[in-house]
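The values are calculated or read from the model by the stated rules, or taken from the named source; none is laboratory data. Computed from a predicted model, the values in this text were never measured in an experiment. So basically every Cβ, Gly included, is an ideal-geometry build from the backbone, and we count neighbours across all protein chains shown.
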Amino acid sequence: MLTITDNAATVVKDLAGRATGSPAGGLRISASETDTSNFDVTMIPAPEAEDQVVENDGAHVFLEKVAAEALADKQLDAIIDDEGAVRFSVLARA
């Protein structure tokens, strides 16, 4: 199952809170319809019915089925650069 770093958890909680206004909101990762090796990332107020839910310290990441399978052995990380832009990265789990 995908894991979430503490940095990513902090960023996801902040973004989800601002974007959805819901404590149940989170980051949804889904396989792109045109290329399943690429992923679409959106903030949504609640998981979809078939989503796998991953949590860390109150942060929610929702994974649609194809994304959940592809990312099962990975770790989600995030940084905020000097301009305030968020960058998510998927890393091999250590």
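Do the conditions hold for Phe39, that is, is it of a type in the set (Phe, Trp, Tyr) and at pLDDT 95 or above? The answer is no for Phe39. Show the residue pairs meeting these rules: Cβ distance below 6 Å; 6+ apart or different chains; first residue within the range 22-39 and on the phi < 0 side of the Ramachandran plot; second residue hydroxyl-bearing (Ser, Thr, Tyr). Close Cβ pairs satisfying both conditions: Arg28/Thr42; Asn38/Ser32. For the range 4-42, a tally of residues being buried (at least 18 other Cβ atoms within 10 Å of the Cβ) and part of a strand (DSSP E or B) returns 8.
Taking the range 56-73 as the range and being surrounded by 12 or more Cβ atoms within 10 Å (Cβ to Cβ), in contact (Cβ under 8 Å) with a residue 12 or more places away in the chain and charged (D, E, K, R) as the test, the residues that pass are Glu64, Lys65. Among the criteria (1) within 19 Å of Val90 (Cβ to Cβ); (2) more than 14 Å from the chain's Cα centre (by Cα), the one Val41 does not fulfil is (2).
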